[in-house]
1. Return the average number of partner chain Cβ atoms within 10 angstrom of each residue Cβ along peptide D:9-21.
2. Using a label position 7 Å from Cα in the Cα→Cβ direction, what is the ascending list of nm distances from residue B:39 to the same site in the other copies?
3. Once amide H atoms are built 1.01 Å from N in the peptide plane, which residues 5 or more positions from residue B:120, or in another chain, come under 5 Å H to H?
4. For A:169-177, what's the mean count of beta carbons from other chains sitting within 10 Å of each residue's beta carbon?
5. Output, in nm with one decimal and in ascending order, the distances from the residue D:215 label point to the matching label points of the other copies (7 Å from Cα along Cα-to-Cβ).
6. So if the hydrodynamic radius of chain A is defined as the Kirkwood radius over C-alpha pairs, what does Stokes-Einstein give as its diffusion coefficient at 25 °C and 0.890 mPa s, in µm² per second?
7. So what J values fall out for segment A:26-31 if you push phi through Karplus, 6.51 cos²θ - 1.76 cosθ + 1.60 with θ = phi - 60°, rounded to Hz, Gly and Pro as x?
8. Just checking the output field for A:40-51: average partner chain Cβ neighbours within 10 Å of each residue's Cβ?
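Here, each number is a calculation from the coordinates, and none is a lab measurement. Since the model is a prediction, treat every value here as computed from it, not as a measurement. Cβ sites come from the backbone with ideal geometry, for glycine too, and all protein chains shown count toward neighbours.
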4 protein chains.
Amino acid sequence: MKELEPPLIIVNFKTYLEATGRRALELARKCEKVASELGVSVAVAPQAVDIAAVASSVSIPVLAQHVDPYPPGAYTGSISIEAVKEAGAVGTLVNHSEKRLRIDEIDEVVKRARDAGLEVVVCANTPEVAASLSALRPRFIAIEPPELIGTGKAVSKTRPEVITDTIKLIRQVNPEVIVICGAGITSGEDVEAALNLGAQGILVASGVVKAKDQEGALRDLVNGLVRGARFRFRGV
Amino acid sequence: MKELEPPLIIVNFKTYLEATGRRALELARKCEKVASELGVSVAVAPQAVDIAAVASSVSIPVLAQHVDPYPPGAYTGSISIEAVKEAGAVGTLVNHSEKRLRIDEIDEVVKRARDAGLEVVVCANTPEVAASLSALRPRFIAIEPPELIGTGKAVSKTRPEVITDTIKLIRQVNPEVIVICGAGITSGEDVEAALNLGAQGILVASGVVKAKDQEGALRDLVNGLVRGARFRFRGV
Amino acid sequence: MKELEPPLIIVNFKTYLEATGRRALELARKCEKVASELGVSVAVAPQAVDIAAVASSVSIPVLAQHVDPYPPGAYTGSISIEAVKEAGAVGTLVNHSEKRLRIDEIDEVVKRARDAGLEVVVCANTPEVAASLSALRPRFIAIEPPELIGTGKAVSKTRPEVITDTIKLIRQVNPEVIVICGAGITSGEDVEAALNLGAQGILVASGVVKAKDQEGALRDLVNGLVRGARFRFRGV
Amino acid sequence: MKELEPPLIIVNFKTYLEATGRRALELARKCEKVASELGVSVAVAPQAVDIAAVASSVSIPVLAQHVDPYPPGAYTGSISIEAVKEAGAVGTLVNHSEKRLRIDEIDEVVKRARDAGLEVVVCANTPEVAASLSALRPRFIAIEPPELIGTGKAVSKTRPEVITDTIKLIRQVNPEVIVICGAGITSGEDVEAALNLGAQGILVASGVVKAKDQEGALRDLVNGLVRGARFRFRGV
């Protein structure tokens, strides 16, 4: 259950108050409950300060939202791979549109995280950037058109070609990367559509975190994942 | 004991392995022990991931090393003031030479942290910058010439005029700021010299964290602080 | 005429097409014409690439929009103080809201530019930041609330307290700084209001650059400056 | 002569005083002279402020050292593609180790520059990053291990595997990119070695700019290029 395997949903807590501190724990437990009920992989990405408490409270995979590209040392204010790992995270997002890195930094993070045994989910804003980043051989790439993030207009319905183009371009560079997508996802239908287009998972934030009924919102998404995965993986 | 009052020593854990995870807890406990024995204020600044565990384990003040200048929300990868506060920190460093911010961002952090009831220790690299930052009315300013950080050449001995100039320039702008100093501090003599020059506290990192005997190194510094404070505060 | 003296208007060309290349020259000549006709100081700030051509074509002061805080050397892609000076600029803007710098970088720019004989106009977003930056002793500070830039809602009418607070706070730190203001200025009335509030000049961009009749728009602003200055300086 | 065709040498002027202002013109003329004498392609990359004067004075290709990833508009302090183009540059370096960009910004620059008819030479620090960036389909990639830049230890002799690995990894992603290399190049032998390893050109800075005899230093490099190209291209 701690492993990050497709098909999957990653819930990004960002720094929303609804997913900070005590409420980060509560939301993580809801995610664990839904994952357990429906037998799918749901990972949570709380902010750095909350990783340790969340990771010691739930049995689902916990990701950092960002790590810095440095070795341990004189890097005041940074989030180190070593700390994130020791706190119980199994991996990390990196290069989210709200925390973009330079290409040389992403290269460093991917290499260092891999050496440390952490999974890396590298975010990309366009199919071209996604293909570019796949050459660094992260295990996961998340395509998210930034202009749709938080809008409720699902990338899988509003701009399906972003997903198909991303997969096509990535495949030319690296056939092994697992492609997930995000931006504007709020319903099971959005998730199902994404999987039908070839995505193997979903990155979601406000669609769950800001929902009045967080658990219900997630259950709806997970049901879409199950339907899409049945189609896509023929019998998951 | 949780309060941040001069004369004080702040131990910055940076992302040193010797002060990460389990070892962050161990070092914090050593700091607590020395603070308690000698009756002085010692604060610790672990990296974000370790704040909660440290703050729940010791009774001395815990600071973040950095917080981001944003309200709660869609700020993936950021360290929010709210999370740091809920995790038990009483304040934060900001604008350390290893994590410099823009001036408008420092202004935001100072205002938001103050509103949240967090202490702010703003770092500065030169007397002019220190004076400039004191206009934002943080409670603490830490002057650290970056070229001396980690060298073992104490600012208070190698470049005493940096401390006296800083205090002079700051006093013209803001008489209330508490001025501490750092960079190259490794001995009680260095600390005593700093207090004799007018500093009201010390920011130290490798001098304690990388010492073979962390507790002994800190005790030496604290003894210097006691001697300096006796002189400076006439009987602290 | 090449000197930067209050009361003055600085026209920031940004990277607008209407003020790039050949059109930067044309706009600079219009500014020169209006300055000459009405006997006031109008300075222009073309982008780096256009500084040399503009400075060799007009007799009014030319400013850079930004310079980097480095000495000459291995700084590929930077804009050096030495190049800007040799190209004929008499000074530079720095820390514009569209090109914010870290506080230690602003300190460097102010010192290096002063040593090189260049005027510095440091931009600030709030009265507190303006006061803070005045401690670095630049000759000019430009207060511009970023949320009004390009809106046509003049800071001097919409938020007059920003100007008066800025002047009050700056005066407590540094009585010699010349305070100008900007954001949303599009008419002579806006300029006059700003001078009546105590500003000694105006920073304007789209209000002139994007105007259908650039020369007419500038003439209107300059007339406002003359009226305001007559009131303020009693007979300029 | 204005075209950027391999085999070629690009001389990066950085912000060295020896290649600023009037001296940028002088150095560009030396480059033009050597290029003309020996019949090879030598391009120059002066800093932004000097592009227009250099481009109007010599008939060899002129590159910018950096352009910003924005359309024309409210981008104070930026270097616009449009200005660089109108000033006479035929292309630009981007992502030099001294001016790194985020991956999404590099993607923007490559697309915008291509649309504007500007050549793009994207710099990379490692073979993996070079391969990654080649997926964005720039025409040129320059591999430069930053730790060798300015050392006089030529990448082609000290770390030849960086060049061969880069070419191998890039070819798997994009067979059409022209690969050049740099870092530590100071002699014709260094250049010849680079071409023998498969590079199609050289990026050099201090090796020419800081040489006592700039023209002689460049002539030595160009002779190495001719020898290497004869081997590599069998008769250039």
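1. On the way: counts 0, 0, 0, 3, 2, 8, 15, 6, 7, 1, 2, 8, 8.
Per residue, the average neighbour count from other chains is 5.
2. So the label point of residue B:39 gives 6.7, 7.5, 9.1 nm to the other copies.
3. Result for residue B:120 returns B:92, B:139, B:140.
4. 2
5. 4.7, 7.4, 8.3
6. Values: Rh = 17.3 Å.
Answer from the Stokes-Einstein relation: 142 µm²/s.
7. Per residue, the Karplus-derived 3J(HN,Hα) values read 4, 5, 4, 5, 4, 5 Hz.
8. Other-chain Cβ atoms within 10 Å of each residue's Cβ, averaged: 5.
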